[in-house]
Ligand code: URA
């Protein structure tokens, strides 16, 4: 069987012969017809090549996800989960990041916050939400009676910083998702607060965006062990830095979480 490069050089030769009028090598038909045949053949090669690439990408995405599930779902402790992440090579974000940013806070807490992905400061220090938006978040948490040293746990949908702080792609989120699922299963929070639209889309398949859905409780069940949690999307603190006028709504949502936590957990 001829390879694609063999076929390409054959087609190039035929195109050349066709262009200089030596069409007899093909058949004693007008040049026009031969050109059409050649163009069609060339197009079919391009299409099959790009189909091959798409198929390869799909296979590697599926394989990366399968590996993530195997590593994550076998982790029995947070330490094992962290080690599993360190050994995972299926997400290209890892190769450009300095640290694998795992979590911060009290692991026995019943309230878990999930952000998007580490930024530059988080990547440098290996800790989530330590940059400008993290500092703003900490202030609000404190006003609402929450703190990472006392009663909340915090992590991200993706543990590696996307270059230039871009949003993680849906493929990156899909591949890394089993680690987050397992993280929730090991923490077993009662309430899960999704910070921003990326976290919201990771858990739910919403028809509306964060602006409409923020402040609403939504049930969620993990994919692996079927652990049920009550989730609420709220604005991402980075959004509040850009739109300070939205802090009022953020505060209202945090208070709602605080009240529900007190009512259902007692002493938070
Ligand atoms: N933004 C996030 O979503 N997570 C972090 O850890 C830092 C900034």
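Just so it is clear, none of the values below were taken in a lab; they were calculated from the coordinates. As the structure is a computational prediction, the values presented were derived from the model and not from experiment. As a convention, Cβ positions derive from the backbone with ideal geometry for all residues, glycine included, and neighbour counts pool all protein chains shown.
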Revision key, fill the gap. Ordered by fewest other Cβ atoms within 10 Å, a rough proxy for footprinting exposure, 166, 148 read 166, 148
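Between residue 174 and residue 51, what length comes free when the chain is fully extended (0.36 nm per residue of separation minus the Cα-Cα distance, one decimal in nm)?
Values: separation 123, 0.36 × 123 = 44.28 nm, distance 2.17 nm.
Length gained, residue 174 through residue 51: 42.1 nm.
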Review point. Say R0 is 22 Å: what FRET efficiency, to the nearest 0.05, do residue 147 and residue 207 get from their beta-carbon distance?
Key: 0.05
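Quick check: convex hull over the Cα atoms of the range 184-241, volume per residue in Å³, rounded to an integer? Walk me through the numbers on the way to the answer.
Working: hull volume 4.6 nm³, N = 58.
Here the figure is 80 Å³ per residue.
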Check your understanding: Listed highest first by mean packing, meaning other Cβ atoms within 10 Å per residue, what order do 89-98, 153-162 come in?
Key -> 153-162, 89-98
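Using 0.36 nm times the number of residues separating residue 221 and residue 108, minus their current alpha carbon distance, what extension gain do you get?
Full-extension gain reported as 38.8 nm.
What are the equivalent ellipsoid semi-axes of the range 61-265, built from the alpha-carbon gyration tensor (square roots of five times its eigenvalues), in whole angstrom, biggest first?
Output for the range 61-265: semi-axes of 25, 19, 16 Å.
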Study note, to complete from the structure: To the nearest 0.05, the calculated FRET efficiency linking residue 262 and residue 87 through their beta-carbon distance, R0 being 30 Å, is 0.15
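Express in nm, to one decimal, how much length is gained between residue 61 and residue 139 on full extension, taking 0.36 nm for each residue of separation and deducting their alpha carbon distance.
Numbers: separation 78, 0.36 × 78 = 28.08 nm, distance 3.91 nm.
Stretched fully, the residue 61-residue 139 segment lengthens by 24.2 nm.
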Study note, to complete from the structure: When 218, 232, 194 are arranged by how many other beta-carbons sit within 10 Å of their Cβ, fewest first, they go 218, 232, 194
Practice item. Among 100, 231, rank each residue by its count of other Cβ atoms within 10 Å, from fewest to most, as a rough exposure measure. Key: 100, 231
